[in-house]
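Here is the structure we will look at.
Readers should treat all values here as calculations from the given coordinates under stated rules, not as data from a laboratory. Every value quoted in this text rests on a predicted model; they were computed, and no experiment measured them. Neighbour counts are summed over all protein chains in view; Cβ atoms, including those assigned to glycine, are modelled from backbone coordinates with ideal geometry.
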Amino acid sequence: MTGWQFVGAVALLAGGTYTIRLAGLLLRTRAQVSPAFEAILERATIVLLVAVALTGALFTGDELAGPARPIGVAVGIAAAWFKAPLVVVIVAAAATTALLRVIGVP
């Protein structure tokens, strides 16, 4: 991908995002969504975010990540489950992953 292709792709994504957000503002009073459909959209958002997070946690490029990264993510999830501050969650996950890699776990 050349520099101009990258700039064009970024501009296209930015324009599309802006258009969708603008359409939401303009159509807010015209379109009604049922509570059931709204609940489905909320669940879909959560599923999408979890899928993106799991992809980042479990894969490096096209290959599975070693066990150190998923274990670090699991420690971060556990810290968040116990309502630790965000900084503690991030540091615990990163420190666990780093410690495992230092002792030789890939």
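Data for the structure
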| item | result |
| --- | --- |
| Residue satisfying all of: in region 1-36; aromatic (Phe, Trp, Tyr) and surrounded by 10 or more Cβ atoms within 10 Å (Cβ to Cβ); farthest from Thr97 (Cα to Cα) among these | Tyr18 |
| Residues of region 55-73 that turn out to be under 19 Å from Leu100 (Cβ atoms) and exposed (fewer than 14 other Cβ atoms within 10 Å of the Cβ), as a count | 7 |
